[in-house]
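Since the structure comes first, as structure tokens, the remarks are kept for the end.
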Amino acid sequence: QVQLVESGGGLVQPGGSLRLSCAASGSIFSINAVGWYRQAPGKQRDLVAHITSGGSTNYADSVKGRFTISRDNAKNTVYLQMSSLKPEDTAVYYCNADIRTTGRSYLSIWGQGTQVTVSS
């Protein structure tokens, strides 16, 4: 069994910062690409940031220059550092990871999501 757990969300004022974490656990052989997504009420789930196994990154235009995705492979954890937050960043944030299990299978796993609310 493999699972992802997001944490670090909460209420923050405009201009503030938060760091989200996505921790993987279970029968993991390797974690390949990981993406952070967000979903606001009434909208579809959209990609925010993406990181490959080699550390290459890309970002949605709406967050470029404000958000940074990174990974700590020793901890099986991916982070999303969010700065200069705006009310329009309010959403549930999810991580998704492509994982190879110790049993040689391949999985695409979603976390449960963490709420980020940007409001004064």
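Computed from the coordinates by the stated procedures, all read-outs in this text should not be read as laboratory data. No experiment lies behind these values; they were computed from the predicted model shown. Neighbour counts run over all protein chains shown; Cβ positions are idealised from the backbone, glycine included.
Taking the Cα centroid of the stretch 55-120 and of the stretch 5-34, what is the distance between the two, rounded to the nearest whole Å? Measuring centre to centre over Cα atoms gives 6 Å. Which log10 I(q)/I(0) values does the stretch 1-46 give at q = 0.14, 0.16, 0.18, 0.32 Å⁻¹ under the Debye formula, counting every alpha carbon as one identical point scatterer? With one equal scatterer per Cα and no solvent, log10 I(q)/I(0) is -0.51, -0.65, -0.78, -1.20.
Model label sites at residue 19 and residue 106, defined 7 Å from Cα along the beta-carbon direction, differ in position by 3.2 nm.
Within the straight-line cut-off of under 19 Å between alpha carbons, the aspartates and glutamates reachable from residue 43 are 61, 88, 89, sequence neighbours fewer than 8 places apart in one chain being disregarded.
The simple spin-label model puts a point 7 Å past each Cα toward its Cβ; for residue 119 and residue 28 those points are separated by 3.3 nm. Pick from 102, 77, 68 the residue whose mean-square fluctuation is largest in a GNM of the chain, springs joining Cα atoms under 10 Å. Residue with maximal mean-square fluctuation among 102, 77, 68: 102. Over the C-alpha atoms of the chain, the Rg to Rh ratio, Rh being the Kirkwood estimate, stands at 0.98.
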